[in-house]
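Nothing in this text is a laboratory measurement; each read-out follows from the coordinates by a stated rule. Because the structure is a prediction, the values reported are computed rather than measured. Using ideal geometry, Cβ is built from the backbone for each residue, glycine included, and neighbour counts are taken over all protein chains shown.
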Amino acid sequence: MAKVVPPISCAFVLDIDMLVTELMHNILEDYCKRFKTNITGEHERIVFCGFDGHNGSWKGMTTLADNGTIHVQIQDPWLMNYDSNPFTVQFAVTVLVHEMIHVCQFLTNNKGFKAKIPFDKMDDDEAYYFDPTEMQAYMLENLYMTKYGKALREYGQDF
Ligand SMILES: [Zn+2]
């Protein structure tokens with residue numbers, strides 16, 4: 001990689017900082033190889049945190065702050081006292097992986113997939129799911145969750 005991966009901070013109920021950091025590194029390495037790209041620009045830090053999503057409609061969100069910090073927020077099932085069954089844990093890891101793909105997009109300035117598929121731009125749901133960055137993230141999330149998320153899934157199921 002041309003530039004080093006920014007430092008990663010985590011704030012989750014479970015002690016998963018190392019696993020989340022490793023997952024981010026693995027996904028970024030795969031992403032850069034697959035799309036023959038590299039980290040561009042200056043990024044201060046990547047911050048991952050869980051939130052109690054009981055009142056929200058969104059599962060995860062990745063934003064780029066003015067100072068170059070990339071903020072990732074995901075619904076944390078352990079914060080919401082959900083039963084840690086394999087289904088819940090796999091869903092949570094998939095959401096995290098989806099947001100990590102958005103992190104890769106920010107880090108490499110990749111704009112996602114352009115496809116000539118007609119959709120209704122005035123429809124919020126269609127505009128969201130046909131957004132090039134979302135199409136790429138939804139396409140890769142299950143691959144990366146299966147390929148790199150095993151350690152985090154297994155750890156999460158024990159709680
Ligand atoms: Zn997304």
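Tabulated data for the structure shown
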{"quantity": "DSSP-defined antiparallel bridges as percent of all bridges, the range 8-157, nearest 5", "calculated": "35"}
{"quantity": "SER9 long-range amide H proximity, modeled H, under 5 Å", "calculated": "ILE46, VAL47, PHE48"}
{"quantity": "Nonlocal amide H pairs with ASP131, under 5 Å, H built at 1.01 Å", "calculated": "none"}
{"quantity": "Listed residue (PHE48, PHE159, LEU107) projecting farthest to the positive dipole end of the chain, Cβ model", "calculated": "LEU107"}
{"quantity": "Calculated [θ] (222 nm, deg cm²/dmol) that DSSP helices of n ≥ 4 give over the chain, each run adding -39,500 (n - 2.57)", "calculated": "-14500 deg cm²/dmol"}
{"quantity": "The chain: DSSP helices with Cα axial extent of at least 30 Å and average Kyte-Doolittle hydropathy no lower than 0.5", "calculated": "86-108"}
{"quantity": "Coil-residue trypsin sites (Lys or Arg not before Pro) of the range 42-137, DSSP, other Cβ within 10 Å capped at 13", "calculated": "LYS111, LYS114, LYS116, LYS121"}
{"quantity": "Linear extension gain, ASN26 paired with LYS59, 0.36 nm per residue minus alpha-carbon span", "calculated": "9.6 nm"}
{"quantity": "Euclidean distance between Cα centres, the range 101-159 to the range 1-46, Å", "calculated": "16"}
{"quantity": "Restricting the range 1-69 to GluC sites (Glu not before Pro) in coil, as DSSP defines it, with at most 13 other Cβ within 10 Å", "calculated": "GLU42, GLU44"}
{"quantity": "Of ASP124, ASP15, ASP76, the one that fluctuates the most in a GNM where the chain has Cα springs shorter than 10 Å", "calculated": "ASP124"}
{"quantity": "Amide N proximity, the range 67-96 versus CYS49 label position 7 Å along Cα-to-Cβ, cut-off under 16 Å", "calculated": "67-77, 79-80"}
{"quantity": "Per-residue HN-Hα couplings for the range 72-79 [Karplus 6.51, -1.76, 1.60; θ = phi - 60°; Hz; x = Gly/Pro]", "calculated": "10, 10, 10, 4, 9, x, 6, 6"}
{"quantity": "Residue order, fewest to most surrounding Cβ atoms within 10 angstrom, among PHE113, PHE159", "calculated": "PHE159, PHE113"}
{"quantity": "Volume of the Cα convex hull of the range 6-159, divided per residue and given in Å³", "calculated": "122"}
{"quantity": "Paramagnetic reach from LYS33 in the range 128-149 [backbone N under 19 Å; point 7 Å along Cα→Cβ]", "calculated": "140-149"}
{"quantity": "Residue order, fewest to most beta carbons within 10 Å, for TRP58, TRP78", "calculated": "TRP58, TRP78"}
